[in-house]
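Enquirer: This is the structure, below, for whatever I ask next.
The values are calculated or read from the model by the stated rules, or taken from the named source; none is laboratory data. Since the structure is predicted, the reported quantities are computational estimates derived from the model, not experimental observations. Cβ placement follows ideal geometry from the backbone for every residue including glycine, while neighbour counts extend to all protein chains displayed. We work out accessible area using only protein heavy atoms, side chains counted, and drop any ligands, DNA or RNA first. Shrake-Rupley method; radii C 1.70, N 1.55, O 1.52, S 1.80 Å.
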Amino acid sequence: MEQLKALNAKFISNFVNNDSASHSRIIHHDFVCITSDGSYINRKDYLEWWAHGFEGYQYWDYRDERISLFGNTALVRAKNKYVVIKEGKEISGMSMYTDTYIKENGTWKCVQAQISKVSPANYPGDETIVRKWDLR
């Protein structure tokens, strides 16, 4: 469980720091991302986006972290609150991710990330924040 918490922290840190090289080491060679609009992003395109994905963000946190183990498979779930500037406009909201990890040869690798939008009625409170970055 501690390994998975550390991997989740690394996953998020890689995003905030646009660190696609480090991120490449924790995602599986067959990795896929499913976005909140239902599109699939393959590993190569995902890592290219990852190199600049955090640009424009003013605030980011992850909260309400939940990890479940099922043998050599794990689901790592959390919610993100964000404030981002796009085309000169401030946009804020919350999303939820589920990262699916598999353990191969003793090492956990993320094989899929799925992102969903969260409606305000389901926003968890600030007391569930694991870590935040405030660049405002």
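Enquirer: Pairs please, first residue from the range 103-119 and under 23 Å from D45 (Cβ atoms), second anywhere and open to solvent by 50 Å² or more (accessible area, probe 1.4 Å) and among the small types (G, A, S), Cβ atoms under 8 Å, 6+ apart in sequence or on different chains.
Expert: The qualifying pairs are I115/S36; S116/S36; K117/S36.
Enquirer: From the list V83, V76, exactly one residue is open to solvent by less than 50 Å² (accessible area, probe 1.4 Å), among the β-branched types (V, I, T), under 22 Å from H23 (Cβ atoms) and in contact with a Ser or Thr (Cβ under 8 Å, 6 or more places away or on another chain). Which is it?
Expert: Only one candidate passes the filter, namely V76.
Enquirer: Between residues in the range 75-97 that are closer than 16 Å to Q112 by Cα and in contact (Cβ under 8 Å) with a residue 60 or more places away in the chain and residues that are polar (S, T, N, Q) and open to solvent by less than 10 Å² (accessible area, probe 1.4 Å), which pairs lie under 7 Å by C-beta distance while being six or more apart or on different chains?
Expert: Here the result reads V76/N8; A78/N8, each pair linking the range 75-97 to a residue that is polar (S, T, N, Q) and open to solvent by less than 10 Å² (accessible area, probe 1.4 Å).
Enquirer: Of everything in the range 94-108, what is over 15 Å from the mean Cα position of the chain (by Cα) and open to solvent by less than 30 Å² (accessible area, probe 1.4 Å)? Give them in sequence order.
Expert: We begin by selecting, within the range 94-108, every residue over 15 Å from the mean Cα position of the chain (by Cα); these are 102-108.
Matches in the range 94-108: W108 only.
Enquirer: Can you report the number of residues in the range 1-59 which are in contact with a Gly (Cβ under 8 Å, 6 or more places away or on another chain) and within 19 Å of K117 (Cα to Cα)?
Expert: 1
Enquirer: Could you say which residue among S13, S22 is without any contact (Cβ under 8 Å) to a residue 24 or more places away in the chain and either buried (at least 18 other Cβ atoms within 10 Å of the Cβ) or within 11 Å of the chain's Cα centre (by Cα) (or both)?
Expert: Values: S22 fails: either buried (at least 18 other Cβ atoms within 10 Å of the Cβ) or within 11 Å of the chain's Cα centre (by Cα) (or both).
Exactly one residue qualifies, and that residue is S13.
Enquirer: Please work out which one of (1) open to solvent by 40 Å² or more (accessible area, probe 1.4 Å); (2) under 18 Å from K5 (Cβ atoms) is the condition S68 fails and give its number.
Expert: In the conditions (1) open to solvent by 40 Å² or more (accessible area, probe 1.4 Å); (2) under 18 Å from K5 (Cβ atoms), S68 misses (1) alone.
Enquirer: Note down all Cβ pairs under 8 Å where the first residue falls in the range 42-58 and is in contact (Cβ under 8 Å) with a residue 24 or more places away in the chain, the second is exposed (fewer than 13 other Cβ atoms within 10 Å of the Cβ) and of a type in the set (K, R), and they're at least six residues apart or on different chains.
Expert: Here the result reads G56/K86; Q58/R136, each pair linking the range 42-58 to a residue that is exposed (fewer than 13 other Cβ atoms within 10 Å of the Cβ) and of a type in the set (K, R).
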